[in-house]
1. Can you pull out the residues in the stretch A:82-92 that are under 15 Å from the mean Cα position of the chain (by Cα) and not in a helix (DSSP H, G or I)?
2. Filter the stretch B:32-48 down to the residues that are at pLDDT 95 or above and either within 15 Å of the chain's Cα centre (by Cα) or β-branched (Val, Ile, Thr) (or both) and list them by number.
3. Among the residues of the stretch B:6-20, write down those that are within 20 Å of A:Arg113 (Cβ to Cβ) and either more than 16 Å from the chain's Cα centre (by Cα) or open to solvent by 50 Å² or more (accessible area, probe 1.4 Å) (or both).
4. Filter the stretch A:57-81 for residues that are more than 16 Å from DNA strand D (Cβ to nearest atom), in a strand (DSSP E or B) and open to solvent by 20 Å² or more (accessible area, probe 1.4 Å) and give the result.
5. All but one of (1) open to solvent by less than 50 Å² (accessible area, probe 1.4 Å); (2) within 16 Å of DNA strand D (Cβ to nearest atom); (3) under 20 Å from B:Ala91 (Cβ atoms); (4) charged (D, E, K, R) hold for A:Asp95; state the number of the condition that does not hold.
6. Among what's in the stretch B:13-44 and is in a helix (DSSP H, G or I) and touching a strand residue (DSSP E or B) at 6+ places or on another chain (Cβ under 6 Å), pick the residue that is farthest from DNA strand C (Cβ to nearest atom).
7. Which condition from (1) in a helix (DSSP H, G or I); (2) facing chain A (nearest Cβ under 9 Å); (3) among the charged types (D, E, K, R) is the one that B:Glu47 breaks?
8. From B:Glu85, B:Glu33, B:Glu47, grab the single residue that is more than 14 Å from DNA strand D (Cβ to nearest atom), surrounded by fewer than 13 Cβ atoms within 10 Å (Cβ to Cβ) and among the charged types (D, E, K, R).
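The values are calculated or read from the model by the stated rules, or taken from the named source; none is laboratory data. From a predicted model like this one, the values you see are computed outputs, not experimental measurements. Virtual Cβ from ideal backbone geometry, glycine too; neighbours counted across all protein chains shown. Keep in mind that these areas ignore ligands, DNA and RNA; they rest on the heavy atoms of the full protein, side chains included. Shrake-Rupley method; radii C 1.70, N 1.55, O 1.52, S 1.80 Å.
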There are 2 protein chains.
Amino acid sequence: MQRPNPFDAQCPTRKVLDRIGDKWAVLILILLEHETLRFNELRRRIEAISQKMLSQTLKSLERDGLIRREAFPTVPVTVEYSLTELGRTLAVTVDSLRIWAETHIGTVEAAQRRYDRGAGPDLAETASR
Amino acid sequence: MQRPNPFDAQCPTRKVLDRIGDKWAVLILILLEHETLRFNELRRRIEAISQKMLSQTLKSLERDGLIRREAFPTVPVTVEYSLTELGRTLAVTVDSLRIWAETHIGTVEAAQRRYDRGAGPDLAETASR
DNA sequence: CGGCATCCTGGTGGATACTG
DNA sequence: CAGTATCCACCAGGATGCCG
């Protein structure tokens with residue numbers, strides 16, 4: 001079988017990458033990694049997410065088999081979201097991104113300030129050829 | 001110092017996460033992980049990216065200190081892009097995402113088909129409380 | 001509580017043309 | 001070759017209102 005090529009726009013692997021590209025999805029995966037949460041609990045935890053985006057993101061994560069949705073017929077209704085086994089493996093991987101971000105945020109911000117200060121940071125770039 | 005909280009919209013860590021959320025950025029990092037490339041080479045490799053998005057993405061990656069841009073005064077001008085040390089560490093992390101995607105794409109697609117088939121996949125969801 | 005339907009806007013990104 | 005500049009269409013996503 002041929003190796004998936006994420007640089008091809010049609011590649012299914014690219015679709016997965018796009019899904020991860022969704023920042024809300026990433027945050028939800030990280031949150032659910034350690035506990036089961038209800039809809040409004042998620043809403044409160046993720047500052048500034050609209051309920052539209054939350055419900056939309058939850059639905060596609062469920063469709064992808066990454067999270068499990070359980071509804072309990074209480075009044076009012078109670079709905080719990082948790083990771084599936086598959087989701088758990090992705091959450092671990094994604095969490096390493098969060099860790100990278102937390103670790104290197106300082107370096108990145110310093111680079112940004114340097115870049116913003118001088119339009120031409122390094123003059124060594126005019127090497128001969 | 002207080003732990004960065006990516007669920008707070010203002011958190012700088014979230015900004016990094018958002019950057020990774022950019023699918024083009026991810027693809028560029030992966031491409032540059034193993035070789036230095038010129039502008040139009042990148043353009044050819046990443047199917048369907050517009051030159052606007054490419055140049056825009058390259059610029060912000062450079063600003064973040066993740067890639068290095070070197071221009072050579074040949075005619076016509078030659079520009080090479082490569083990863084910085086910082087960029088290399090991120091590329092490694094991001095690459096694990098690509099691997100996850102390639103590994104589990106089959107499972108995800110199966111889950112999607114199951115979900116799309118029956119609107120109510122599992123009936124066990126009506127547990128008592 | 002946990003959503004869905006509708007409406008509406010701003011900003012993302014494509015297409016095109018031009019330049020050093 | 002490696003971009004920048006301009007214009008513009010589209011739709012992601014916020015706001016609001018309603019419902020089981």
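1. Scanning the stretch A:82-92 gives a single hit, A:Leu83.
2. Selection gives B:Leu32, B:Glu33, B:Thr36, B:Leu42.
3. B:Gln10, B:Cys11, B:Pro12, B:Lys15, B:Asp18, B:Arg19
4. Of everything in the stretch A:57-81, just one residue is more than 16 Å from DNA strand D (Cβ to nearest atom), in a strand (DSSP E or B) and open to solvent by 20 Å² or more (accessible area, probe 1.4 Å), namely A:Arg68.
5. Only one criterion in (1) open to solvent by less than 50 Å² (accessible area, probe 1.4 Å); (2) within 16 Å of DNA strand D (Cβ to nearest atom); (3) under 20 Å from B:Ala91 (Cβ atoms); (4) charged (D, E, K, R) is unmet by A:Asp95, namely (2).
6. Quick first cut of the stretch B:13-44, residues in a helix (DSSP H, G or I) only: B:13-21, B:23-32, B:39-44.
Narrowing the set further to residues that are touching a strand residue (DSSP E or B) at 6+ places or on another chain (Cβ under 6 Å) leaves B:32, B:39.
Numbers: B:Leu32: 19, B:Phe39: 10 Å.
For the stretch B:13-44, the residue satisfying everything is B:Leu32.
7. Checking B:Glu47 against (1) in a helix (DSSP H, G or I); (2) facing chain A (nearest Cβ under 9 Å); (3) among the charged types (D, E, K, R), the one that fails is (1).
8. Numbers: B:Glu33 fails: surrounded by fewer than 13 Cβ atoms within 10 Å (Cβ to Cβ); B:Glu47 fails: surrounded by fewer than 13 Cβ atoms within 10 Å (Cβ to Cβ).
Sole residue among the options that is more than 14 Å from DNA strand D (Cβ to nearest atom), surrounded by fewer than 13 Cβ atoms within 10 Å (Cβ to Cβ) and among the charged types (D, E, K, R): B:Glu85.
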